[in-house]
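J.: Shown below is the structure under consideration.
The values are calculated or read from the model by the stated rules, or taken from the named source; none is laboratory data. None of these values were measured; they are calculated from a predicted model. Here Cβ is always computed from backbone atoms with ideal geometry, including for glycine, and neighbour counts include all displayed protein chains.
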Amino acid sequence: MATIKLTLDKRRKLGDGRSPLILRLTHKSNSTSIQTGIKLHFSEWDSKKLRVLKKHSIQKELNLQLKDIILRYEQKLRIAEIEKPYCNVVDLKKLITSNSFGESVEFNSFSSEQVEMLKKQGRFGNAQSYITATNSLIKYGGKNLELGEIDYNFILGFENHLSSNGIKINARAAYMRAIRALLNKGGKMGCYNMSNYPFNNFKIRTQKTASRAETIETIIDLRNIELEIGSEIHNARNIFFLIFGLIGISFMDLILLKKSNIKNGRIMYKRRKTGKLYSIKVMPLVSDILSLYTNETSDFLLPQFDLDGIDESQVRHKTNLGLKITNRYLKQLGMQLGLTSSLTTYVARYSWANIAKRKGFSKDLIAEALGHNYGNAVTGIYLEGYGNEIIDSANDKILSPLDLNSL
């Protein structure tokens with residue numbers, strides 16, 4: 001990463017005893033200088049705090065000028081790192097000292113750079129949301145769309161475009177949140193003029209979705225459907241009940257569980273999305289289902305997804321494919337039950353919360369169990385103080401009506 005630093009060039013001394021104040025540009029272990037046009041005596045410069053001392057007659061004005069110079073070049077450096085990541089220090093100097101450089105950055109290239117950064121951080125869900133929103137925005141604004149073109153009127157037109165093409169309000173909101181995040185990043189990096197920022201006035205609207213939760217009676221009906229053991233649809237139902245029995249574990253976290261995640265009768269894992277550590281007691285429902293799949297040749301608890309020895313991108317691909325297939329079969333099961341909305345893996349998570357609420361468990365306990373960040377602070381402290389027993393007890397009561405033998 002390139003850096004710039006103010007330095008008084010003491011090697012060069014003018015006839016009046018002053019030396020030029022320069023910017024030292026360092027990139028890939030090489031350096032060069034950029035002139036600021038300011039000249040100072042040694043006694044007028046603080047080399048530690050990098051500022052002009054009060055001895056100078058216009059100290060305040062010069063320090064403000066230097067602050068502006070530093071900010072301008074740092075902004076141009078951030079843009080250069082995106083548009084010209086492989087240039088040497090000489091070319092980099094030419095870029096950032098050009099009057100025209102940094103006035104425009106293509107939205108597509110900026111977004112692609114952010115996507116790659118997210119992937120390196122393992123944040124594939126966020127990366128995909130950026131990709132989806134960018135593709136839609138480029139389709140509307142053109143492949144050469146510049147960050148600076150995105151203002152209130154542009155976003156308003158984009159919203160109308162999405163609406164007229166049948167994109168539902170919550171999907172539109174997801175696009176807008178991704179674009180907002182990208183513009184915020186662009187503003188911080190100096191690639192986007194925040195005076196154009198549309199989201200101070202543009203409100204991202206959402207619509208409350210119909211409840212995706214089912215009752216315990218529906219869950220029991222799902223259990224009672226006769227299915228061929230080992231069939232794809234039988235496996236899909238077992239995935240549903242594993243998510244339900246593990247208090248709404250995500251599909252990806254579930255299929256990535258290994259035998260080593262089971263310790264002292266508990267499943268211990270970190271949620272990929274948040275990094276939060278979970279410790280869930282292995283109830284008989286979960287134990288019975290896992291016993292159908294675990295084998296000696298794989299470290300994974302669900303080896304049917306064939307995740308051994310593959311890289312991160314392949315894991316992501318197989319996860320998406322597995323989720324799609326699972327939800328397809330769950331939808332068929334939902335139709336057999338006469339449900340008006342689709343049965344999916346998400347329904348298992350929301351159903352656990354819905355049933356817990358109906359059984360009288362507090363909102364704070366449910367939030368704690370599901371890993372939500374909201375909830376009463378005192379209750380949160382109480383739960384932490386007593387360990388996992390309270391949540392274990394709640395889960396046991398929720399799962400108790402299910403007859404394990406018919407799964």
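J.: For segment 120-135, how many residues meet the condition of being under 18 Å from Lys185 (Cα atoms), of a type outside the set (S, T, N, Q) and either in contact (Cβ under 8 Å) with a residue 60 or more places away in the chain or buried (at least 18 other Cβ atoms within 10 Å of the Cβ) (or both)?
T.: Of the residues in that region, 5 qualify.
J.: Next question, about the same structure. Would you check if Thr218 is crowded, with 17+ Cβ neighbours inside 10 Å, touching a Ser or Thr at 6+ places or on another chain (Cβ under 7 Å) and either hydroxyl-bearing (Ser, Thr, Tyr) or in the same structural domain as Glu81 (by TED's automatic domain parsing) (or both)?
T.: no
To keep it simple, each residue is scored yes or no on (1) touching a residue at least 40 places away in the same chain (Cβ under 8 Å); (2) under 13 Å from Phe202 (Cα atoms).
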site	(1), (2)
Leu137	yes, no
Tyr140	no, no
Tyr152	yes, yes
Phe158	no, yes
Ser163	no, no
Asn170	no, no
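J.: Of the residues Asn261, Asn196, which is out of contact with any Ser or Thr (no Cβ under 8 Å at 6 or more places or on another chain) and not assigned by TED's automatic domain parsing to the domain that holds Met335?
T.: Checking each option against the conditions leaves just Asn196.
J.: Could you check segment 161-172 and list, in sequence order, the residues that are part of a helix (DSSP H, G or I) and either buried (at least 16 other Cβ atoms within 10 Å of the Cβ) or more than 23 Å from the chain's Cα centre (by Cα) (or both)?
T.: Scanning segment 161-172 gives His161, Leu162, Ser163, Ser164, Arg172.
J.: Still on this structure: What is the one condition in (1) within 30 Å of Gly148 (Cα to Cα); (2) not in a helix (DSSP H, G or I) that Ala213 does not satisfy?
T.: Going through (1) within 30 Å of Gly148 (Cα to Cα); (2) not in a helix (DSSP H, G or I) one by one, Ala213 breaks only (1).
J.: Please state which one of Ser231, Ser195 is within 30 Å of Ile79 (Cβ to Cβ), surrounded by fewer than 19 Cβ atoms within 10 Å (Cβ to Cβ) and of a type in the set (Ser, Thr, Tyr).
T.: Criteria check complete, one pass: Ser195.
Residues are listed down the side, and each one gets a yes or a no for (1) over 29 Å from Ser129 (Cα atoms); (2) exposed (fewer than 13 other Cβ atoms within 10 Å of the Cβ):
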position: Leu290; (1), (2): yes, no
position: Asn295; (1), (2): yes, yes
position: Pro303; (1), (2): no, no
position: Lys324; (1), (2): no, yes
position: Arg328; (1), (2): no, no
position: Asn354; (1), (2): no, no
position: Lys359; (1), (2): yes, yes
